[in-house]
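Chemist: Got a structure here, written out as structure tokens. Questions coming.
Every number here is computed from the coordinates shown, using simple stated rules; none is lab data. Since the model is a prediction, treat every value here as computed from it, not as a measurement. Here the Cβ positions follow ideal geometry from the backbone for every residue, glycine too, while neighbour counts run over all protein chains shown.
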Amino acid sequence: MSVDEVLSRNGAAIEVAQLIKDYPRPGKGLLSFFLPSWNQDVIRALDGVTFNVRRGSVFGLLGTNGAGKTTLIKIAYNLLLPTSGTVLVLGENPMHQGVKIRRRMGMVNSEERSFYWRLSGRRNLEFYSSLHGMNRSLADKRIDELGELLDMDYLDVPFSDYSTGMRQKAAIARALLHDPEVLLMDEPTRSLSPEAAYPLQDFIRQELVAQRGKTVLLATQDMSEAERLCEDIAIIDVGHLVYLGSLAALMEQGRRKLGQDAGLGDIFVDLVGREETLE
Amino acid sequence: MSKALAFLKRDFFIEVSYHFNFLLSLAGIFFSASIFYFLGKIVNPSVVQDTANDYFSFVLVGMAFAMFLRTGLGSFAESMREEQMMGTLEAMLATPTSLSIIILSSSLWRFLLTSVSVVVYLLIGAAFGISFAGANIPVALLLLILTVTAYSALGIISASFIIVFKRGDPINWVVSTVSIFLGGVLYPVSVLPGWLRFFSRLLPITYSLEGIRGSLLKAKGISDVATDLVALAVISAVLIPCSLALFSLAVNHARRTGTLVKY
């Protein structure tokens with residue numbers, strides 16, 4: 001039985017096993033300038049990370065900048081090849097079944113530039129729905145539904161006129177166009193004010209997960225967001241998994257050590273041993 | 001097919017959002033054609049008699065169809081780089097659409113605009129007195145398809161370079177410069193020294209323009225341009241598998257190094 005088959009038997013939505021990712025680091029010296037692979041070193045972005053994400057839950061992938069969160073999400077989308085180890089999404093390996101599995105996944109990132117700013121939100125969503133293979137009438141219906149669900153009454157306005165919060169809602173609408181079972185969210189509320197972030201977090205928790213049974217892998221360094229949304233979490237630090245388990249258990253364990261007033265941020269800092277870029 | 005149409009629709013709406021862009025490019029075609037019309041009056045027609053009736057018709061067909069060279073050669077790399085820089089490539093790759101379909105479909109609009117521009121060139125030529133009365137359109141189209149195939153293969157190699165090195169693509173620069181210099185776009189290959197003529201025979205554009213000028217301006221049939229057709233077919237047959245293999249290597253390299261969506 002292959003590694004992929006063994007992993008997929010436990011029925012988790014996302015299974016990450018012994019994942020290692022090394023990025024090449026250019027060597028120094030004149031020869032390395034002309035021959036980039038000469039004397040090349042590597043930077044290990046993920047070092048043997050293993051965890052499972054239960055179906056119908058919000059799983060938090062917590063870490064500071066450069067911890068390896070985005071690398072992991074990109075491997076799950078086959079935008080990156082792992083050095084070794086496996087990621088399975090709904091039992092399929094994106095490396096081998098990339099196109100097939102992307103029909104069942106949605107990605108939300110915090111990259112505002114990932115839309116065509118000269119087009120309206122609706123035209124953008126129409127374009128992306130075509131890339132999901134949706135026909136015109138289904139796409140129109142779905143875009144209207146999502147517009148209503150996310151309270152987007154500005155779909156016909158040029159994307160360039162959207163505020164940051166409106167753009168982030170459009171990114172969520174795009175990820176939901178094809179009604180995927182699994183959503184990978186990379187800092188979906190980054191650069192949003194609490195007034196804009198909280199309703200989106202409530203939408204993810206209540207509408208997507210509780211009502212519709214979606215599975216969400218949420219990569220974030222916003223500890224209050226993780227506290228509001230996640231049931232289970234993995235904390236990674238410079239590619240190493242330093243905690244894996246339920247948020248409640250970590251809070252209990254951390255408060256026993258640091259005192260009852262300790263928040264997730266304090267516990268996180270205690271675990272990774274520094275305060276770098278925490279929100 | 002529906003995905004290709006979605007790309008065309010997207011690019012159409014983006015294009016019309018820039019109100020004067022297309023009108024200005026049409027005006028550019030009119031003025032460059034006019035310049036060559038008057039230039040043609042001081043060039044002896046016997047210089048181009050093998051493939052055209054006068055210098056104006058020679059250069060107009062050369063300029064018009066060389067646009068396909070530039071589009072085939074540059075559009076894939078340009079589309080790739082544009083999508084990388086706009087940040088839309090990653091979002092597109094998150095859909096069940098392969099990178100090759102994204103790049104090919106992103107280039108369709110450029111090919112469509114080039115086709116429109118070529119028709120405009122030919123219409124302006126007709127307005128200035130060029131006769132296409134006996135033109136063999138099917139043969140010209142066949143030659144054009146093979147030309148686009150050959151230069152698209154080179155364009156895919158160019159896009160592979162952009163995927164790995166991001167900027168400073170030497171393939172596009174070398175091939176387009178050498179093709180314009182030696183391929184008989186602005187002057188016939190016969191005016192080149194013998195040793196340079198040898199190199200011009202290695203370029204698809206040489207066969208393409210000879211054949212297309214013959215079929216459009218001298219009413220030549222398929223047997224008259226057989227050499228050009230065979231040469232273009234052989235060049236395409238060699239370049240297409242090489243370009244696809246290189247593209248696959250480049251994408252895997254970018255996926256390994258994490259640079260696929262970086263610019």
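Chemist: Shielding of B:82-94 by partners, i.e. mean partner chain Cβ atoms within 10 Å per residue?
Modeler: Numbers: counts 0, 1, 0, 1, 5, 6, 8, 2, 8, 14, 4, 8, 18.
That works out to 6 on average.
Chemist: Further, regarding this structure: Go ahead and estimate [θ] at 222 nm for chain B from helices alone: -39,500 (n - 2.57) per DSSP H run with n ≥ 4, summed, over the residue count, rounded to 500.
Modeler: Details: 10 runs with 198 residues, N = 263.
Value at 222 nm, helices only: -26000 deg cm²/dmol.
Chemist: Exactly which GluC sites (Glu not before Pro) in region A:156-259 are in a DSSP loop and have at most 16 other Cβ atoms within 10 Å?
Modeler: Qualifying residues, ordered by number: A:GLU231.
Chemist: How would you classify the protein assembly as shown from its alpha-carbon gyration tensor, with a ≥ b ≥ c the square roots of the eigenvalues: rounded for a/c under 1.5, else prolate if a/b is greater than b/c, otherwise oblate? Mind dumping the intermediate values first?
Modeler: Working: a/c = 2.86, a/b = 2.12, b/c = 1.35.
Prolate, since a/c reaches 1.5 and a/b exceeds b/c.
Chemist: Find the relative contact order for chain B and round it to a whole percent, using C-alpha pairs within less than 8 Å whose residues are 6+ positions apart. List each step's numbers first, then the result.
Modeler: Working: 317 pairs, mean separation 70.2, N = 263.
Computed over chain B, the figure is 27 percent.
Chemist: Also, quick follow-up: Order by neighbour count: B:SER179, B:SER215, B:SER158, B:SER2, fewest other Cβ atoms within 10 Å first, most last. Each step should come with its number before you reach the end.
Modeler: Values: B:SER179 24, B:SER215 27, B:SER158 30, B:SER2 11.
So the ranking, lowest neighbour count to highest, is B:SER2, B:SER179, B:SER215, B:SER158.
Chemist: Under the rule a/c < 1.5 gives rounded, and otherwise a/b versus b/c splits prolate from oblate, where does region B:1-48 land using the Cα gyration tensor?
Modeler: The shape class here is oblate.
Chemist: Would you mind ranking B:PHE247, B:PHE22 so that the residue whose beta carbon has the fewest other beta carbons within 10 Å leads the list? It would help to have the intermediate numbers written out before the result.
Modeler: Working: B:PHE247 20, B:PHE22 14.
With the fewest neighbours first, B:PHE247, B:PHE22 line up as B:PHE22, B:PHE247.
Chemist: For region B:90-199, what does the alpha-carbon gyration tensor say about shape, rounded, prolate or oblate, given a ≥ b ≥ c as the root eigenvalues, a/c under 1.5 as rounded, and a/b over b/c as prolate?
Modeler: Numbers: a/c = 2.65, a/b = 1.40, b/c = 1.89.
Here region B:90-199 falls in the oblate category.
Chemist: Can you sort A:SER246, B:SER75 by how many other beta carbons sit within 10 Å, fewest first?
Modeler: Numbers: A:SER246 12, B:SER75 25.
Sorted ascending by nearby Cβ count, the order is A:SER246, B:SER75.
Chemist: Right, another one. As a test of the definition: which semi-axes, in Å, follow for region A:112-179 when you take the square root of five times each eigenvalue of its alpha carbon gyration tensor? Largest first, please.
Modeler: Numbers: eigenvalues 61, 31, 21 Å².
Calculated on Cα positions only, the semi-axes equal 17, 12, 10 Å.
Chemist: Something else now. What is the percent of Cα-Cα separations in chain A that go past 24 Å?
Modeler: On the way: 20782 of 38781 pairs.
When every Cα pair of chain A is considered, 54 percent fall beyond 24 Å.
Chemist: So, one more: Let me check against my output: what whole-number percent is the relative contact order of chain A, with C-alpha pairs under 8 Å and at least 6 apart? List each step's numbers first, then the result.
Modeler: Details: 501 pairs, mean separation 66.9, N = 279.
RCO, chain A: 24 percent.
Chemist: Taking each residue in A:123-133, count the Cβ atoms of any other chain within 10 Å of its Cβ, then average. What number comes out?
Modeler: Values: counts 4, 3, 0, 4, 11, 8, 2, 10, 14, 5, 5.
Shielding by partners across A:123-133 averages 6.
Chemist: Oh, and also: Out of B:PRO204, B:PRO45, B:PRO188, any idea which swings most in a Gaussian network model of chain B, alpha carbons joined below 10 Å?
Modeler: For chain B, modelled as a Gaussian network with Cα springs under 10 Å, the answer is B:PRO45.
Chemist: Across bins of 5 angstrom width beginning at 0, how are the C-alpha pair distances of chain B distributed, in whole percent?
Modeler: For chain B, the binned pair fractions read 1, 6, 12, 16, 17, 16, 13, 9, 6, 3, 1, 0 percent.
Chemist: Per residue of B:221-233, what is the mean number of Cβ atoms on other protein chains within 10 angstrom of that residue's Cβ? List each step's numbers first, then the result.
Modeler: Details: counts 0, 0, 0, 0, 0, 0, 0, 0, 0, 0, 0, 0, 0.
Shielding by partners across B:221-233 averages 0.
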